[in-house]
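Structure record follows, encoded as structure tokens.
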Amino acid sequence: MTARAAPRTVRIVFDAGMPQARWGPLFHVFCLEHPGLRLEWQPTGFPIRGRSLLQHADAGLFVEPPPEPGRSAFTLDVSPMAVILATGDRLAHDTHLRVADILDRPFPGGPNLNPEWTSFWTLDEQRGGPAPCTDDDVKTAEDALEVIAAGRAIGTLPTSMADGLAHPGVIALPLLDGPPVRTRLVWTSASDNPMVDALLDLATAWTGDGRRARSRP
């Protein structure tokens, strides 16, 4: 008899508090294709200024990750953007929201958050400058939802995740002219881990992309 192969481990960091269970089948098939593989899950908060996206993980699953030197990314999904509002908010009566309708509204503050990541969600490019923010110190999705539910701010997220928000005091509405939002696998560009390559090959087949387009996040 041949010796049984030693278990292999792949550590994956992911956005904690974001509805990500729809990607469970992808990782389930990954495990089925590689018997003995063990996945270690490393939850994390929002991207922080000066902190590596991957930290010590082999790969990451993020929603619209900020650019980072030495990292490559593969897009799993592209979704339209939605606006998160407190229940009862005056804007929640309008089902045809556009960026111009929300430019005067503050977003949850997070002075230590990665500014390149924050500027995407606060629509700085569309408004031509930084958005007004609250004095809060938001670090996680749960923190942001608390601020939004209290009526002090609004937020944005992909419409694909709108039904999975973990707070009954908010409502999500489509932002008709908002930018598309990408869910991406991220890994170290110089990685020679064959299991990371196997995960990327599966993701390529899973999305029907037909090719692996590696790019910076």
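The values are calculated or read from the model by the stated rules, or taken from the named source; none is laboratory data. Since we're looking at a predicted model, the values are computed, not measured. A quick note on method: Cβ atoms are made from the backbone with ideal geometry, for glycine too, and the neighbour counts reach across all protein chains shown.
Key figures for this structure:
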read-out	value
Failed condition for Thr140, given (1) modelled with pLDDT under 95; (2) within 18 Å of Pro180 (Cβ to Cβ)	(2)
Test result for Arg152, of a type in the set (D, E, K, R) and in a strand (DSSP E or B)	no
Strands (runs of 3 or more DSSP E) (entirely within the range 27-102) containing at least 1 residues that are more than 21 Å from Thr183 (Cα to Cα)	37-44, 81-86
Tally of residues being among the small types (Gly, Ala, Ser) and within 21 Å of Asn193 (Cα to Cα) across the range 13-51	1
Residue count for the range 125-147, restricted to those that are outside any loop (DSSP other than H, G, I, E, B) and either of a type in the set (Ser, Thr, Tyr) or within 21 Å of Ala172 (Cβ to Cβ) (or both)	10
Only listed residue being touching a residue at least 12 places away in the same chain (Cβ under 8 Å) and over 16 Å from the mean Cα position of the chain (by Cα), chosen from Ala92, Ala82, Ala21, Ala59	Ala92
Qualifying residue in the range 6-18 (condition: assigned to a helix (DSSP H, G or I) and out of contact with any Cys (no Cβ under 6 Å at 6 or more places or on another chain))	no
Unique match (being at pLDDT 95 or above and not aliphatic (A, V, I, L, M)) among Pro180, Pro194, Pro168	Pro180
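Per-residue answers, yes or no, for (1) modelled with pLDDT under 95; (2) exposed (fewer than 15 other Cβ atoms within 10 Å of the Cβ); (3) hydrophobic (A, V, I, L, M, F, W, C):
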{"site": "Phe27", "(1), (2), (3)": "no, no, yes"}
{"site": "Phe30", "(1), (2), (3)": "no, no, yes"}
{"site": "Pro35", "(1), (2), (3)": "yes, yes, no"}
{"site": "Glu40", "(1), (2), (3)": "no, yes, no"}
{"site": "Phe46", "(1), (2), (3)": "yes, no, yes"}
{"site": "Leu53", "(1), (2), (3)": "yes, no, yes"}
{"site": "His56", "(1), (2), (3)": "yes, yes, no"}
{"site": "Gly60", "(1), (2), (3)": "no, no, no"}
{"site": "Glu68", "(1), (2), (3)": "yes, no, no"}
